[in-house]
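The values are calculated or read from the model by the stated rules, or taken from the named source; none is laboratory data. Owing to the predicted nature of the structure, the values given are computational and were not obtained by experimental measurement. Every residue, glycine among them, receives a Cβ derived from its backbone with ideal geometry; neighbour counts consider all protein chains shown. Heavy atoms of the whole protein, side chains included, go into the accessibility calculation; ligands, DNA and RNA do not. Shrake-Rupley method; radii C 1.70, N 1.55, O 1.52, S 1.80 Å.
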Amino acid sequence: MSSGVPSKCELDVLTWERQFGGHWRVGGDTGPLLAALALLAALDWLCQRLLPPLAALAVLVTSGWIALSRLARPQRLPVATRVVLITGCDSGFGKETAKKLDAMGFMVLATVLELNGPGALELRACCSPRLRLLQMDLTKPADISQVLEFTKAHTTSTGLWGLVNNAGFNDVVADVELSPVATFRNCMEVNFFGALQLTKGLLPLLRHSRGRIVTVGSPAGDMPYPCLAAYGTSKAAIALLMDTFSCELLPWGVKVSIIQPACFKTDSVTNVGQWEKRKQLLLANLPQELLQAYGEDYIEHLHGQFLHSLSLALPDLSPVVDAIIDALLAARPRRRYYPGHGLGLMYFIHYYLPEGLRRRFLQTFFISHCLPQALRPGQPAPTPIQDAVRDPDPNLGPSPVAGR
């Protein structure tokens, strides 16, 4: 029978609640919380009988802090009338994030390549009238300027809370020597320069609201994925830019986060026909000297390995969407988010193991090279090319697709 006087364990729990309640909130499932409190009560009983008072208190406080840290979620800011602009909403992460933010009550400005494309039509059909679709190709400064003008004109009363740089582009999977320089330029135009121009244009609004900048990067910007140099280089550039923004905008209260997702099954990833066309364009425009040195079967092998790795992509996009939302609403968002399985192991290997093991791991995990034709046993030694090897057709490949 209760005496009405709280026990020592109850007092400890109340103390933790008063101390951390303003910064943490517990999820709706109370089962784990009740189990943790029961364990803490049992631990309190044992500590009082086996340890001196100060040691018992230290053990109990430490255990309680660990338990509540594991169970609790950082406090999130209210949605209210927050406005967020998201790029690349035709498909994938951008489209799903726009849908989720709209359902949460945000006013979403979603940029798409085609206002009447399948992604735009889906957003119109399933989202509220608050969501506004804006046409924008990040390779066209005029499009970016129009979006900037619209955003400034339509957020005078609400302000702009967040920018999500999601749009991304890659159109070739090949060794650097086989990749047209135009591909590097196209990736930089969308993944770096377009995002740079848009972010700089919105900084006055974001500084005024002390808002958030969230950018979808890629692990390919942190480690040398085989055959993704053009894409990875642009993602490395945007990650460094965002780290710089993070430091420079700290006095203004603007928080900057980068999402580094694993491979997920977005529409651009799973479009096998599109990747087949790009491979055929690469073969058709490759200089004869390079085609002879590497061999068509070498390029076919890389393509097959790439498609196999895509078949293992994660189907559920929600971890990335949740990371973006946390970066927008968490009171203390992370600088880096790594949604998806296996990334922790990949980064551990990349940063802590010898270079040879890192290279072999990436080749096993992603693309395993075979020997170029000129290096195979029985092949004649390659002869020096007298004239400079011309770069493949600068017009190789479709126009950049500013969406993910």
Inset, instruction - Restrict the check to segment 325-339 and report whether at least one residue is in a helix (DSSP H, G or I) and either open to solvent by 40 Å² or more (accessible area, probe 1.4 Å) or on the phi > 0 side of the Ramachandran plot (or both). - result: no
Legend entry - Selection within segment 174-198 - polar (S, T, N, Q), buried (at least 23 other Cβ atoms within 10 Å of the Cβ) and within 27 Å of GLU96 (Cα to Cα): ASN186, ASN191
Inset, instruction - Test ALA110 against the criterion of being within 25 Å of the chain's Cα centre (by Cα) and modelled with pLDDT of 95 or more, and give yes or no. - result: yes
Inset, instruction - Grab the helices (runs of 4 or more DSSP H) fully contained in segment 250-312, keeping just those with 2 or more residues being free of Cβ contacts under 8 Å to residues at least 12 places away in the same chain and exposed (fewer than 14 other Cβ atoms within 10 Å of the Cβ). - result: 272-285, 296-311
Inset, instruction - Collect the residues in segment 199-230 that are surrounded by fewer than 24 Cβ atoms within 10 Å (Cβ to Cβ), part of a helix (DSSP H, G or I) and either basic (Lys, Arg) or in contact (Cβ under 8 Å) with a residue 60 or more places away in the chain (or both), keeping them in residue-number order. - result: LYS200, LEU202, ARG207, PRO219
Legend entry - Positions within segment 236-249 being closer than 24 Å to SER179 by Cα and either open to solvent by 70 Å² or more (accessible area, probe 1.4 Å) or assigned to a loop (DSSP other than H, G, I, E, B) (or both), in sequence order: LEU240
Legend entry - Odd one out for GLY356, checked against (1) loosely packed, with under 12 Cβ neighbours inside 10 Å; (2) outside any helix (DSSP H, G or I); (3) at pLDDT below 90: (2)
Legend entry - Residue that is among the acidic types (Asp, Glu), buried (at least 19 other Cβ atoms within 10 Å of the Cβ), over 19 Å from the mean Cα position of the chain (by Cα) and under 24 Å from LEU115 (Cβ atoms), where the choices are ASP137, ASP171: ASP137
Inset, instruction - Specify the residue that is farthest from SER246 (Cα to Cα); the eligible residues are those in segment 323-365 that are among the hydroxyl-bearing types (Ser, Thr, Tyr) and within 16 Å of the chain's Cα centre (by Cα). - result: TYR347
Legend entry - Selected residue (only one of GLY94, GLY105, GLY88, GLY119 is surrounded by fewer than 24 Cβ atoms within 10 Å (Cβ to Cβ) and either within 21 Å of LEU203 (Cα to Cα) or in contact with a Cys (Cβ under 8 Å, 6 or more places away or on another chain) (or both)): GLY119
